[in-house]
Amino acid sequence: MKTVLAILLTGIAAISTSAFAAPAQPETVENLGKTYAARYAGVAPKQWGERVTGVRTRLDTDQKVIALTLDACGSAYGKGVDLKLMEFLNQEQIPATLFINGRWIDANPELFRKLAANPLFEIANHGILHKPASVTGRSVYGINGTQSVTELVEEVELNARKIEAVTGKRPKLYRSGTAYYDEIAVEISNGLGQQVAGFSILGDAGATFTAEQVKAALLKAAPGDIALLHMNHPEAGTGAGIIAVVPELKKRGFRFARMSDYPLQ
Ligand SMILES: [Zn+2]
């Protein structure tokens, strides 16, 4: 009888801790960094580029659907926003995925809140400091990548939490500053629940294309393509190119989607 009572009490105690205890505190970013550093200790990455193992570059569909992805990078000369483009997308009800860097959020807090509240737009993670995603400090275009596993975890996780703190929603997709990765960084980002979002169409070449070049790039779209573009350079040809090409793509039977509307491949 004593034993039965003990079992019953133990059962009640177990229920009370599992069902009624306060939810566990989220792991600190520091501890996450330590966990991943230990897991990948002594593992050297072999790949470096935009299409390394694990990067998703297309929507998994045969339908005439394209994902427009607009990066907001937030460097010293990239804190702007192409309001005309964003208003066009809103008016025409064209969905898009917005990859937002932490520094751009700090420069545009009200606009960020407004964009995030619009269900047309999916908010995705573009890193806290816009660094190439390396676990060994590789660089590209003269921009230094994250120096270690722990710095990579900070780059991804701090901005995921920053976005969630404002929007109430944790992003599901991560694109690094410059869209460069090693394959270990990609694995870690996936492990953090931030699937790595590549692209299949270079839409504006870092906001350097003219409107005509943007239009020509997007007119090559095939079902499932993901176009990499920018929303933070109103002076560039990107906005005018998108505004010019959307009616033409619609005429050709294309629709637009957020990346998370489809499984990725
Ligand atoms: Zn960027």
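Suppose we look only past 22 Å in the calculated P(r) of the chain. What percent of the Cα-Cα pairs does that tail hold? Roughly 57 percent, once rounded to a whole number. Counting only Cβ charges, +1 for Lys and Arg and -1 for Asp and Glu, the dipole size of the chain around its Cα centre is about 420 debye.
Applying 0.36 nm per residue to the separation of L158 and T35 and subtracting their alpha-carbon distance, the gain on full extension is 42.7 nm. Here the chain carries DSSP beta bridges of which approximately 20% are antiparallel, counting only pairs with both residues inside. Annotation: lysines with alpha-carbon distance below 21 angstrom to K169 (same-chain offsets under eight excluded): K114.
From the helices alone, meaning DSSP H stretches of at least four residues, give me the mean residue ellipticity at 222 nm for the chain, per-run term -39500 (n - 2.57), in deg cm²/dmol to the nearest 500.
Working: 9 runs with 106 residues, N = 265.
It lands at -12500 deg cm²/dmol.
How about segment 41-89: which chymotrypsin sites (Phe, Trp or Tyr not before Pro) there lie in a loop by DSSP and see at most 12 other Cβ atoms within 10 Å? Counting only loop positions with at most 12 other Cβ atoms within 10 Å, the chymotrypsin sites (Phe, Trp or Tyr not before Pro) in segment 41-89 are Y77.
Once the Cβ-Cβ distance between E87 and R51 is put in as r, and R0 is 30 Å, what FRET efficiency do you end up with, to the nearest 0.05? Walk me through the intermediate numbers first.
Details: r = 33 Å, r/R0 = 1.11.
Efficiency at R0 = 30 Å is approximately 0.35.
Among the listed pairs K84/K215; K46/K220; K46/K131, those whose Cα-Cα separation exceeds 23 Å are K46/K220. Among the helices of the chain, those built from whole DSSP H runs whose Cα atoms reach 18 Å or more along their own axis and whose mean Kyte-Doolittle hydropathy is at least -0.5 are 2-20, 149-167, 238-251.
So for segment 2-261, averaging the separation of alpha carbon pairs under 8 Å that are six or more residues apart and normalising by length, what relative contact order in percent results? Please list the in-between numbers first.
On the way: 529 pairs, mean separation 71.1, N = 260.
Contact order relative to length: 27 percent.
Length gain on complete extension for the stretch K114 to K251, per 0.36 nm per residue less the alpha carbon to alpha carbon distance? It would help to have the intermediate numbers written out before the result.
Details: separation 137, 0.36 × 137 = 49.32 nm, distance 3.02 nm.
Here the answer is 46.3 nm.
Each listed q (0.13, 0.14, 0.21 Å⁻¹) maps to a log10 I(q)/I(0) for segment 42-191 from the Debye sum over equal C-alpha point scatterers, namely -0.59, -0.68, -1.34. Of the trypsin sites (Lys or Arg not before Pro) found in segment 141-242, the ones in coil according to DSSP and having at most 11 other Cβ atoms within 10 Å of their Cβ are K169, K220.
Just so you know, all these numbers are worked out from the coordinates, no wet-lab data involved. Everything quoted here is computed from the prediction, not taken from an experiment. Cβ coordinates were reconstructed from backbone atoms using ideal geometry, including for glycine residues, and neighbour counts include every protein chain displayed.
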